[in-house]
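Contents: one structure, followed by commentary.
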Amino acid sequence: MEGKSKLGLLFFSLTAIFLSHSTALEHQTLVLNPLPNPPTLSWLESLSETVQPDPTTSTDPNTLSVQLHHLDALSLNKTPSQLFNLRLQRDAVRVKTLSFIAAAAASPNRTARGGRVPVRGFSSSVVSGLAQGSGEYFTRLGVGTPPKYVYMVLDTGSDVVWLQCAPCKRCYSQTDPVFDPRKSGTFSTIPCGSPLCRKLDSPGCKARKTCLYQVSYGDGSFTFGDFSTETLTFRGTKVGRVALGCGHDNEGLFVGAAGLLGLGRGKLSFPTQTGVRFNKKFSYCLVDRSASSKPSSVVFGDSAVSRTARFTPLLANPKLDTFYYVELIGISVGGTRVRGITASLFKLDPAGNGGVILDSGTSVTRLTRVAYNSLRDAFRAGTSGLKRAPEFSLFDTCFDLSGKSEVKVPTVVLHFRNADVSLPATNYLIPVDSSGSFCFAFAGTMGGLSIIGNIQQQGFRVVYDLASSRVGFAPRGCA
């Protein structure tokens, strides 16, 4: 009997050791920073009408680098909590619109090529650019000759470049004077039958001579005007003959930027138009404003490709060429693959349904509901020692971390095809108020489209190598 009891005790001990090792989670430390204060525009305010090339950037004509700032800098007299709540409101509009675009493109009854919905008989695209400020990052660039400097939102979720133009039939309020093409020596309208005009999904014509465009938004906002070519100047570097919309009728809930620089994959996006010069390569790094004073930036050209980036192939949606689709095959929490999260949950089918896109204008990553529930449950299990807090807005997993300076949280890794992306803790547990509440920065969606948002992209240099049809992630890429 004594031998049996010793064997039983040994078996119990080994089982306990095995279980303790098999359930041990990988953790990392989260330093708790509050909601960031509103950013300033000091770097923009110093720019005059005669901006010179930045001596700290490359003089290579085939490389272009500019600073980016968050849209919060255009929202004056707001507290950190107000700015965060406005960001979540914009985010909801953004996700709804991107999901609508994808669903419309996949619909067998779509009313226009590429899933675009005609307005006034034609439309260049349905995007989520400036409506409700859903493009989250902007830069300052010159338009025309001599260049007139304006703020432009950069958006990976749309293609057409456009800005407000005088004379205005209707123009919303913007920070700078409205661009007047009559005072530019390089502005040129585009003939109706030209190849450029035909690249619009459903172009219009003015007096059967010049090309017209219209961009419509999910909330009813739109911009309408002349499709034209013009010179753009980025911190002294000139890019000629960029096809853009010169909007004379711009209606809706817009923010103070003058227009939008489309960075999508479509035929009329800025990266596609400038592909010969910049080799169809660009990258950006978006800083965590609560932890860094460095500016965000975007680079075009071969130097945009980081040596430390891990690449995953871009997938093609035959129904929609604008979005950047990637293959997400799993997610790990605490060093262990989450059961229930498989590649099939994110599959892009031949009809254009489902899939996962990278988007600079969405803040919070959205996952299909089944995948999100599995991820959330795994994260909750790994944070059982933290004090829970009530739900906040779209976040259903929140913690009361008041009085603490740092906490240990399980690691989170996104597994893309050929690329594992290990997220810093600040990219998935974020402050949501001024009283110490932090929430898990993912959310579920009832639609088929999953979106990797900019909170999860913070601190990485995200490389879009369209020439090789791949996208890469370089950690600590904002230096």
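Laid out as a table, the results:
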read-out	value
Number of the exception - residue 385 against (1) in contact (Cβ under 8 Å) with a residue 12 or more places away in the chain; (2) surrounded by fewer than 20 Cβ atoms within 10 Å (Cβ to Cβ); (3) farther than 29 Å from residue 135 by Cα	(1)
Residue list for the range 398-412, restricted to those being over 29 Å from the mean Cα position of the chain (by Cα) and of a type in the set (Ser, Thr, Tyr)	402, 405
The one condition in (1) buried (at least 16 other Cβ atoms within 10 Å of the Cβ); (2) part of a strand (DSSP E or B) that residue 408 fails to fulfil	(1)
Test: residue in the range 227-236 that is under 28 Å from residue 276 (Cβ atoms), open to solvent by 20 Å² or more (accessible area, probe 1.4 Å) and modelled with pLDDT under 95	yes
Matching option when the condition is over 20 Å from the mean Cα position of the chain (by Cα), open to solvent by 10 Å² or more (accessible area, probe 1.4 Å), touching a residue at least 12 places away in the same chain (Cβ under 8 Å) and on the phi > 0 side of the Ramachandran plot, among 340, 334	340
Every residue from the range 400-436 that is within 17 Å of residue 34 (Cβ to Cβ), among the small types (Gly, Ala, Ser) and touching a residue at least 40 places away in the same chain (Cβ under 8 Å)	405, 425, 434, 436
Residue in the range 202-225 that is modelled with pLDDT under 90, closer than 21 Å to residue 140 by Cβ, under 27 Å from the mean Cα position of the chain (by Cα) and open to solvent by 10 Å² or more (accessible area, probe 1.4 Å) present	no
Sole exception among (1) open to solvent by less than 70 Å² (accessible area, probe 1.4 Å); (2) of a type outside the set (Gly, Ala, Ser); (3) under 30 Å from residue 314 (Cα atoms); (4) touching a helix residue (DSSP H, G or I) at 6+ places or on another chain (Cβ under 9 Å) for residue 370, by number	(1)
Residue that is surrounded by the fewest Cβ atoms within 10 Å (Cβ to Cβ) [pool: residues in the range 343-356 that are assigned to a helix (DSSP H, G or I) and in contact with a strand residue (DSSP E or B) (Cβ under 8 Å, 6 or more places away or on another chain)]	343
Restricting the range 297-331 to residues that are among the hydrophobic types (A, V, I, L, M, F, W, C), part of a strand (DSSP E or B) and open to solvent by 10 Å² or more (accessible area, probe 1.4 Å), the residue that is farthest from residue 450 (Cα to Cα)	299
Condition check for residue 49: at pLDDT 75 or above, touching a strand residue (DSSP E or B) at 6+ places or on another chain (Cβ under 9 Å) and open to solvent by 80 Å² or more (accessible area, probe 1.4 Å)	no
Test: residue in the range 445-452 that is outside any strand (DSSP E or B), open to solvent by 20 Å² or more (accessible area, probe 1.4 Å) and over 24 Å from residue 85 (Cβ atoms)	yes
Qualifying positions in the range 106-161 - within 30 Å of residue 64 (Cα to Cα) and modelled with pLDDT under 50	124, 125, 126, 127, 128, 129, 130, 131, 132, 133, 134
Given (1) open to solvent by 30 Å² or more (accessible area, probe 1.4 Å); (2) over 23 Å from residue 74 (Cα atoms); (3) not in a loop (DSSP other than H, G, I, E, B), index of the condition residue 267 fails	(3)
Residue satisfying all of: in the range 283-306; among the hydrophobic types (A, V, I, L, M, F, W, C) and within 14 Å of the chain's Cα centre (by Cα); modelled with the lowest pLDDT among these	287
Residue 262 surrounded by fewer than 21 Cβ atoms within 10 Å (Cβ to Cβ) and under 21 Å from residue 171 (Cβ atoms)	no
From the options 275, 240, 262, residue that is touching a residue at least 12 places away in the same chain (Cβ under 8 Å) and over 24 Å from the mean Cα position of the chain (by Cα)	240
Residue in the range 172-192 that is closer than 19 Å to residue 90 by Cα, within 21 Å of the chain's Cα centre (by Cα) and at pLDDT below 90 present	no
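To keep it simple, each residue is scored yes or no on (1) over 23 Å from the mean Cα position of the chain (by Cα); (2) crowded, with 17+ Cβ neighbours inside 10 Å.
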position	(1), (2)
390	yes, no
440	no, yes
459	no, yes
469	no, no
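The values are calculated or read from the model by the stated rules, or taken from the named source; none is laboratory data. Every value quoted in this text rests on a predicted model; they were computed, and no experiment measured them. Cβ: placed from backbone, ideal geometry, glycine included. Neighbour counts: every protein chain shown. Accessible surface areas use protein heavy atoms only, side chains included; no ligands, DNA or RNA. Shrake-Rupley method; radii C 1.70, N 1.55, O 1.52, S 1.80 Å.
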